[in-house]
1. What are the lysines whose alpha-carbon lies under 23 Å from the alpha-carbon of Lys58, with same-chain residues fewer than 8 places away excluded?
2. Give, in nm to one decimal, the length gained when the segment between Arg128 and Glu99 is fully stretched (0.36 nm per residue of separation minus the Cα-Cα distance).
3. Normalising by the residue count of the stretch 215-290, find the relative contact order in percent from Cα pairs under 8 Å and 6+ residues apart.
4. Where nothing but the Cβ of Lys and Arg (+1) and of Asp and Glu (-1) is charged, how large is the charge dipole of the chain around its Cα centre, in debye to the nearest 20?
5. Let me know the whole percent of all Cα-Cα pairs from the stretch 16-125 that are separated by more than 19 Å.
6. How long are the three semi-axes of the equivalent ellipsoid for the stretch 208-279, computed from the Cα gyration tensor as the root of 5 times each eigenvalue, in whole Å, largest first?
7. Could you work out the helix-only [θ] at 222 nm for the chain, with each DSSP H run of four or more residues adding -39,500 (n - 2.57) and the total divided by the number of residues, to the nearest 500 deg cm²/dmol?
8. Under a Cβ-Cβ cut-off of 10 Å, what is the net charge of the residues other than Ser69 that fall near it, where Lys and Arg count +1 and Asp and Glu count -1?
Amino acid sequence: MAVSRVDRLGLMSDRVLVTLDHEVRDADAPLLHADDLAVVRGDGVFETLLVRGGRALKVEPHLTRLVASARALGLPVQDLDDWRLALELAVEEWGSEREGAMRLVLSRGRESGGDATAFVTVGPVSDRILDARRDGVSVLTLARGYSVDLSASAPWQLLGAKTLSYATNMAALRYAATFGADDVIFVSSEGNVLEGPRSTVVIAREKTLLTPPPEHGILPGTTQQALYEVASGKGFRCEYAALRPADLITAEGVWLISSITMAARVRKIDGLALPDAPLADEIVELVDLAVEMSGAESAEA
């Protein structure tokens with residue numbers, strides 16, 4: 001159901017929903033059919049972006065990754081200009097005073113046939129995220145259950161795509177919570193560090209930043225990539241390397257990097273408290289600068 005400008009005024013402080021036909025919808029009204037494959041199969045892809053200062057940040061890197069994920073699933077890729085316009089409408093409806101969490105969703109559509117389902121939402125940044133930014137997180141390392149070679153040998157596993165099939169990730173987070181942990185870092189069957197359920201792992205060794213390589217079957221991190229671009233110009237050496245859990249413990253700082261949380265410092269791993277990170281404030285500033293610069297470039301494009 002489309003919503004008139006007057007009717008939308010009461011929704012601007014809550015949540016926003018815009019479909020790819022550029023209709024602003026009532027975010028509290030039903031949208032999906034019961035047989036939408038996003039619901040019955042998790043057959044779709046998504047992206048999350050931070051909305052800040054009246055614009056969505058890192059739009060182009062997220063659209064690029066959305067296209068890559070869609071192609072991995074064999075999904076039709078809508079015109080990116082349609083996505084850009086839907087994003088702009090969603091930001092306009094949201095307003096510029098508060099941060100928002102934006103989600104782009106593309107599913108295969110109804111099981112009975114028809115067009116793909118595509119829409120953009122914006123909602124408030126959760127207290128959990130604000131707490132993680134401010135206080136950091138405690139994590140549990142958990143087995144992912146596969147080898148770092150699986151992505152190359154079994155591309156149908158979609159390890160490098162951001163799909164709607166997040167049940168395993170959420171189950172891992174619930175399991176960690178039973179042990180008092182806030183988040184998870186997955187490890188491979190060989191014991192290599194992979195990623196978080198919703199983040200990229202970055203560690204510091206003096207002025208060197210390291211993160212596991214995407215070839216190990218992890219999702220390429222848009223925020224981590226933006227951080228590397230900025231940090232490289234600020235005297236940091238930025239590398240991709242195989243990491244083990246022991247590397248996390250001996251590092252001079254460990255962060256979970258993502259588009260909405262930004263930089264959450266890991267303060268405890270498997271119950272072991274980590275020492276203070278000498279570069280903690282600088283890393284937070286670099287991540288903030290990285291997403292702001294990327295957002296400005298997207299606005300100018």
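The values are calculated or read from the model by the stated rules, or taken from the named source; none is laboratory data. Everything numeric in this text was worked out from a predicted model, so none of it was measured. Virtual Cβ from ideal backbone geometry, glycine too; neighbours counted across all protein chains shown. For accessibility, only protein heavy atoms count, side chains too; no ligands or nucleic acids. Shrake-Rupley method; radii C 1.70, N 1.55, O 1.52, S 1.80 Å.
1. Partners within reach: Lys162, Lys234.
2. Details: separation 29, 0.36 × 29 = 10.44 nm, distance 1.40 nm.
That pair, Arg128 and Glu99, stretches by 9.0 nm at full extension.
3. Values: 68 pairs, mean separation 26.2, N = 76.
After rounding, I find 34 percent.
4. I would put it at about 580 debye.
5. On the way: 2523 of 5995 pairs.
Value for the stretch 16-125: 42 percent of Cα pairs lie more than 19 Å apart.
6. Working: eigenvalues 76, 44, 34 Å².
Semi-axes (√(5λ), whole Å): 19, 15, 13.
7. Values: 10 runs with 100 residues, N = 301.
Helices in the chain give a 222 nm mean residue ellipticity of -10000 deg cm²/dmol.
8. Working: positive: Arg65, Arg71, Lys162; negative: Glu47.
Charge balance near Ser69 sits at +2.
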